[in-house]
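Please treat every number below as a calculation from the coordinates, not as lab data. Note that the coordinates shown come from a computational prediction; the quantities given were computed from them, not determined experimentally. Neighbour counts are summed over all protein chains in view; Cβ atoms, including those assigned to glycine, are modelled from backbone coordinates with ideal geometry.
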Amino acid sequence: ISFIVLDPETHDIIFQDTKGLEIYERGDFFLKLNGGHISQKDDFKSSFRELKEELGLTVHPKDALCIGNYQLSIQFSEDFKNNEFIYFYIVPVKNAFEKIVFEDGEVGSIIKFNVDETIEMLLKKRDSITSTARDEKTKKEVTLKPAHLKNFTDDNLYLRMMIAAKRFLDGEDKELILL
């Protein structure tokens with residue numbers, strides 16, 4: 001399950017990393033989606049425990065918007081092939097960047113960046129954007145480039161997520177917002 005944590009007031013999206021702020025000093029980092037793994041037997045409501053476990057955010061499932069799923073299959077080795085279905089939810093949380101709690105060590109840092117600026121960058125209308133990252137104690141300004149928003153299949157997944165988030169923020173009919 002993957003959560004697109006979105007602040008409806010600032011139009012910022014928040015992503016997480018298991019590492020601390022040092023990850024953003026490397027030029028080759030990529031932004032990881034919020035969320036985790038659930039088993040086939042878990043029900044919809046229990047899947048939101050991942051949001052609580054990883055970011056300390058309590059969100060009722062009725063307040064989230066499912067924008068679709070994505071099938072992923074990666075051959076890690078001759079003996080291991082990872083097959084997943086990733087379900088994507090837009091989760092609006094006011095002041096999310098400040099509310100996130102670093103409780104159990106699953107998250108080392110978070111980063112926020114503006115939806116509109118990110119779309120412009122991914123559409124090659126700008127080279128980079130400025131974002132803010134933080135850990136439990138420190139904030140840091142970080143420059144993001146398109147290469148930081150790539151996934152395993154490199155198929156514009158992040159651009160589609162940003163466009164869905166923008167449509168959500170713009171108040172479009174929620175039944176028409178899809179990944």
Please give the contour-minus-distance gain from residue 132 to residue 159: 0.36 nm per residue of separation, less the Cα-Cα distance, rounded to one decimal in nm.
7.8 nm
Give me the distance between the Cα centres of segment 108-168 and segment 64-91, rounded to whole Å.
20
For each pair in 45/139; 52/124; 99/140, compute the distance between the two Cα atoms and list the pairs where it is over 25 Å.
45/139; 52/124
Quick one: length gained pulling residue 62 to residue 120 fully straight, 0.36 nm per residue minus the C-alpha distance?
17.8 nm
Per the 1/(1 + (r/R0)^6) rule, R0 = 35 Å and r from the Cβ atoms of residue 101 and residue 76, FRET efficiency to 0.05 is 0.65
Under a crude label model (7 Å from the Cα following the beta-carbon direction), how far is residue 84 from residue 147 in nanometres?
2.4
Total charge dipole magnitude, segment 1-87, about the Cα centre, Cβ charges on Lys, Arg, Asp, Glu only, Debye to nearest 20:
300
Subtract the Cα-Cα distance of residue 178 and residue 26 from 0.36 nm times their separation in residues, and report this length gain in nm to one decimal.
51.4 nm
